[in-house]
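A.B. asks: Sharing a structure here in structure tokens format.
The values are calculated or read from the model by the stated rules, or taken from the named source; none is laboratory data. Remember, predicted model here, so these are calculated numbers, not experimental data. Backbone-built Cβ (ideal geometry, glycine too); neighbour counts: all protein chains shown.
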Amino acid sequence: MASSKTRARDLKMTGLAASPGIGVGRALRLDERGRHQFYYIEVSAAQVRTEIRRLREALGEAREQLEEIKVRLARELGYEHSYILDAHLLMLEDKNLVGELEQEIRARRVNAEWAVRSVTDRVVKAYKQVKDAYLRERASDIEDVSARLLTVLSGHTKFDLSAMEQDVIIVAEDIWPSTVAELDFNRVLGFATNAGGMTSHSAIIARALGIPACVGLHDVTRRVKTGDPMILDGESGEVIIRPTKPLMRAFLERRDLKARQRRGRQTDTARPAETLDGTRMTLRANVELPTEVESLALFGAEGIGLYRSEFMFLNRLPELPSEEEQYLVYRRLAEATGSAGASIRVFDLGGDKLSLEGFEQEQNSALGLRAIRLALKVEDIFRTQLRAILRANMEGNLRVVLPLISTINELREAKRIIQDVKGEMAEGSVEHNALLPVGVMIEVPAAAMLADIFAREADFLSIGTNDLIQYLLAVDRANEHVAHLYQPLHPAVLRTIAYLVRTAQAEGVSLELCGEMAANPIHAIALIGLGVRTLSLTPASIPLVKNAIRSIDLGQVRSLMSDAMKLASADEVESLLARELPRQAPQFFAAWPAQG
Amino acid sequence: MQERKVTISNRLGLHARAAAQLVRRASQFTSTVELLRQDTRQTADGKSILSVLLLAASRGTTVFIRTDGPDEERAANALVELVEGKFGEETSDGLF
């Protein structure tokens, strides 16, 4: 394209550094429409025929689907009502439309998805300009047909990402869990997204997969087109679009150096996470995708400290996963973790995500109907999950964690339901293991302050730092205007955690901590200095955190943290740690950048 | 070529249901089918639903049906019959 000559080189954009590592490669734009995400890809002349074949197959399959629906509708509602589907069917057969779609693929050399999108966009636009209100409405019929085609295309005739000749950096508005499931991770060098904060799904997924990521870039999708060379630095949050050669070389060198360092660090996964003065820590894994269980041994994780069950739900919406489907996933977790066990967090979703009747998008979803509040409202869904967990518990040591608990009544009500489900299963002779510890996620400040009360009625406490920090400091990390105020080392956070440690000890209940904080070596050491003994974190970060633990003296770190808690601000804590940790543990922290 | 002049007289005009019927009927013939709005001189391919819909021919619009090909006469007659029979609309509630 002629315009590419004039497009700026070395265009820098800064977002949030969401997952460490450096990616240097070419961009692959991921677009979205309704419930679909798809690629814009320039295909080779040879592939044009493949794309046209995919389009024709999709048209055929979409027609078959509509024929079926039409027959059903005619049977149930009468013949007249099936006419609207007739219009949809005719659109799929419309020679002009089909011709335009094929022409789009041929002339622009794009994949079928993109052709469907751009051609139907043009048609919709034409309809929206018609004066007739009724006809303007027909634009929605075209969108419906377009969505059906995209669904079919994203199904079994999916564009094959492995057909690409190069590894790519995915550029998207956001990355959806269902899309991630389709990616060939070996070909993905990084994620760059417009939306999202550190705890957004794309960030969590990227960290889980060990793929470098920058999120919250606002309009990176508008500035990059597929095929543009780009650099992504998951440590500084910087993205460089169309870099000049010298810059590219510099980053490639840095990337290779980092890769060598990482490999060096990962060699000692078999050794325990023990401090120099002999205190053993437990490092468990945060898991989102069931396939991650295969990497637990590789990274030396001792069981799963947090399985975010909502990912299973998100992948399936608007349908919900059945008991059997959930059972198979939980059983896999139970079998993979054995005696170390796995903690399953009850689905932590908002009602709007479940697309349930009567639950709409809320203005302030962080403070709204979600997590345990929702689970207690949609008790049937909660019960299905519990049954699946109790059955899978036959194969290992599962635990259940209740998210967003803020009052004791929620814990009591959840325990009553769990008891009831067990009773039902026993009565119905459904095989299960009723020995299921129930824990409370401490993430609402109110629950932290009443930790002693909760400790008496729960089997264990689990500090969820992502939300606890958000609620304690009243900061939404996804909001770039206040993201800098999200400070894990804020003395208020440190004091709260120290209080939780003391309280759990006094009440004789086990305490663990999960959250992104634990994946940062400096923060992890701070947590250990506060008395936390069990951390659950992204599996890929376990070797690094373990090395940090093995380099410190617990006594020294404890006294360092008791000083830190007396400080006035996160900045002061940070400078104290940046000064003292390299002195105390030079073999690890001298080489570690102060910013972590 | 055959050309017939018709006035759209069914209540909802050439909306999705009527347009679908017209396109289905037109597609049964080998001849090409072109619709021409008398007032706007806008034309549409009678075998393309998207094209026919865009004509936005509401009740009272005068349209020329032009057919061209081996079965042009039968095609023209069949389409005129459909339009004048108001697409069988009286028997439905005209929801679509």
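A.B. asks: Checking the conditions here, which among B:ALA75, B:ALA57, B:ALA26 is in contact with a Ser or Thr (Cβ under 6 Å, 6 or more places away or on another chain), touching a residue at least 40 places away in the same chain (Cβ under 8 Å) and among the small types (Gly, Ala, Ser)?
C.D. replies: Values: B:ALA57 fails: in contact with a Ser or Thr (Cβ under 6 Å, 6 or more places away or on another chain); B:ALA26 fails: in contact with a Ser or Thr (Cβ under 6 Å, 6 or more places away or on another chain).
Just one listed residue meets the conditions, B:ALA75.
A.B. asks: Kindly establish whether B:SER48 is within 19 Å of A:ASN96 (Cα to Cα) and within 11 Å of chain A (Cβ to nearest Cβ).
C.D. replies: On the way: within 19 Å of A:ASN96 (Cα to Cα): yes; within 11 Å of chain A (Cβ to nearest Cβ): yes.
The answer is yes for B:SER48.
A.B. asks: Please give the number of the condition B:GLU81 fails out of (1) within 14 Å of another protein chain (Cβ to nearest Cβ); (2) free of Cβ contacts under 8 Å to residues at least 24 places away in the same chain.
C.D. replies: Exception for B:GLU81: condition (1).
A.B. asks: A follow-up question, please. Just checking, how many residues over the range A:83-131 are of a type in the set (Ser, Thr, Tyr) and more than 9 Å from chain B (Cβ to nearest Cβ)?
C.D. replies: Start the filter on the range A:83-131 by keeping residues that are of a type in the set (Ser, Thr, Tyr), which leaves A:83, A:118, A:120, A:127.
Add one more test, that the residue is more than 9 Å from chain B (Cβ to nearest Cβ), and what stays is A:118, A:120.
Going through the range A:83-131 one residue at a time, the tally reaches 2.
A.B. asks: Name every residue in the range A:364-421 that is assigned to a helix (DSSP H, G or I), over 21 Å from A:ALA455 (Cα atoms) and either in contact with a Ser or Thr (Cβ under 8 Å, 6 or more places away or on another chain) or of a type in the set (D, E, K, R) (or both), in order of residue number.
C.D. replies: Within the range A:364-421, A:LYS377, A:GLU379, A:ASP380, A:ARG383, A:THR384, A:GLN385, A:ARG387, A:ARG391, A:GLU395, A:ASP420 qualify.
A.B. asks: Then there is this: Does at least one position in the range A:377-397 carry a residue that is out of contact with any helix residue (DSSP H, G or I) (no Cβ under 9 Å at 6 or more places or on another chain), modelled with pLDDT under 95, under 28 Å from A:ASN466 (Cα atoms) and of a type in the set (A, V, I, L, M)?
C.D. replies: Looking for residues that are out of contact with any helix residue (DSSP H, G or I) (no Cβ under 9 Å at 6 or more places or on another chain), modelled with pLDDT under 95, under 28 Å from A:ASN466 (Cα atoms) and of a type in the set (A, V, I, L, M), one finds at least one in the range A:377-397, hence yes.
A.B. asks: If you don't mind, there's one more thing I want to ask. Applying the selection to the range A:532-582, what residues are at pLDDT 95 or above and in contact with a strand residue (DSSP E or B) (Cβ under 6 Å, 6 or more places away or on another chain)?
C.D. replies: Correct list: A:VAL532, A:THR534, A:LEU535, A:SER536.
A.B. asks: Just for the range A:432-481: of the residues that are charged (D, E, K, R) and surrounded by fewer than 23 Cβ atoms within 10 Å (Cβ to Cβ), which one is nearest to A:ALA492 (Cα to Cα)?
C.D. replies: Step one: of the range A:432-481, the residues charged (D, E, K, R) are A:443, A:452, A:456-457, A:459, A:467, A:476-477, A:480.
If we keep only those that are surrounded by fewer than 23 Cβ atoms within 10 Å (Cβ to Cβ) too, we end up with A:452, A:456-457, A:459, A:467, A:476, A:480.
Numbers: A:ASP452: 19, A:ARG456: 24, A:GLU457: 26, A:ASP459: 26, A:ASP467: 14, A:ASP476: 17, A:GLU480: 22 Å.
Filtering the range A:432-481 for residues that are charged (D, E, K, R) and surrounded by fewer than 23 Cβ atoms within 10 Å (Cβ to Cβ), the one nearest to A:ALA492 (Cα to Cα) comes out as A:ASP467.
A.B. asks: For the range A:270-302, which residues satisfy the criterion of being free of Cβ contacts under 8 Å to residues at least 60 places away in the same chain and crowded, with 21+ Cβ neighbours inside 10 Å?
C.D. replies: A:VAL293
A.B. asks: Please go through the range A:492-521 and give me each residue that is in a helix (DSSP H, G or I), closer than 26 Å to A:PRO539 by Cβ and of a type in the set (Gly, Ala, Ser), ordered by number.
C.D. replies: A:ALA504, A:ALA518, A:ALA519
A.B. asks: Which count do you get for residues in the range A:338-358 that are assigned to a strand (DSSP E or B) and either at positive phi or modelled with pLDDT of 95 or more (or both)?
C.D. replies: Of the range A:338-358, the ones assigned to a strand (DSSP E or B) are A:342-345, A:350.
Next, only the ones that are either at positive phi or modelled with pLDDT of 95 or more (or both) stay: A:342-345.
Number of matching residues: 4.
A.B. asks: Just the residues that are in a helix (DSSP H, G or I) and within 15 Å of A:PRO212 (Cβ to Cβ), please, taken from the range A:232-252.
C.D. replies: Of the residues in the range A:232-252, the ones in a helix (DSSP H, G or I) are A:245-252.
Correct list: A:PHE251, A:LEU252.
A.B. asks: Consider A:LEU404 carefully, then state whether it is at positive phi and crowded, with 18+ Cβ neighbours inside 10 Å. Even if it seems obvious, please write down each step before you answer.
C.D. replies: On the way: at positive phi: yes; crowded, with 18+ Cβ neighbours inside 10 Å: yes.
For A:LEU404, the condition - at positive phi and crowded, with 18+ Cβ neighbours inside 10 Å - is met.
A.B. asks: Tell me whether the range B:18-26 contains one or more residues that are touching a Leu at 6+ places or on another chain (Cβ under 8 Å) and away from every other protein chain (no Cβ under 12 Å).
C.D. replies: Residues of the range B:18-26 that are touching a Leu at 6+ places or on another chain (Cβ under 8 Å), as a first pass: B:18-26.
From the residues that got through so far, the ones that are away from every other protein chain (no Cβ under 12 Å) too are none.
Looking through the range B:18-26, none of the residues is touching a Leu at 6+ places or on another chain (Cβ under 8 Å) and away from every other protein chain (no Cβ under 12 Å).
A.B. asks: Quick check on my filter: what residues within the range B:3-17 are in contact (Cβ under 8 Å) with a residue 60 or more places away in the chain and within 12 Å of chain A (Cβ to nearest Cβ)?
C.D. replies: B:ARG11, B:LEU12, B:HIS15, B:ALA16, B:ARG17
A.B. asks: Which of the residues spanning the range A:364-388 are under 22 Å from the mean Cα position of the chain (by Cα) and either outside the structural domain of A:VAL346 (by TED's automatic domain parsing) or over 14 Å from A:ARG416 (Cα atoms) (or both)? Break it down stepwise before answering.
C.D. replies: Pass one, the range A:364-388, residues under 22 Å from the mean Cα position of the chain (by Cα): A:364-375, A:381-382, A:385.
Scanning the range A:364-388 gives A:ASN364, A:SER365, A:ALA366, A:LEU367, A:GLY368, A:LEU369, A:ARG370, A:ALA371, A:ARG373, A:LEU374, A:ILE381, A:GLN385.
Residue-wise test of (1) away from chain B (no Cβ under 14 Å); (2) at pLDDT 70 or above; (3) in contact with a Leu (Cβ under 8 Å, 6 or more places away or on another chain).
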site: A:ILE142; (1), (2), (3): no, yes, yes
site: A:THR151; (1), (2), (3): yes, yes, no
site: A:PHE159; (1), (2), (3): yes, no, yes
site: A:ILE169; (1), (2), (3): yes, yes, yes
site: A:ALA172; (1), (2), (3): yes, yes, yes
site: A:THR179; (1), (2), (3): yes, no, yes
site: A:HIS201; (1), (2), (3): yes, no, yes
site: A:CYS214; (1), (2), (3): yes, yes, yes
site: A:LEU217; (1), (2), (3): yes, yes, no
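A.B. asks: For residues in the range A:82-132 being part of a helix (DSSP H, G or I), under 34 Å from the mean Cα position of the chain (by Cα) and among the hydrophobic types (A, V, I, L, M, F, W, C), which is nearest to B:ILE49 (Cα to Cα)?
C.D. replies: It comes out as A:VAL124.
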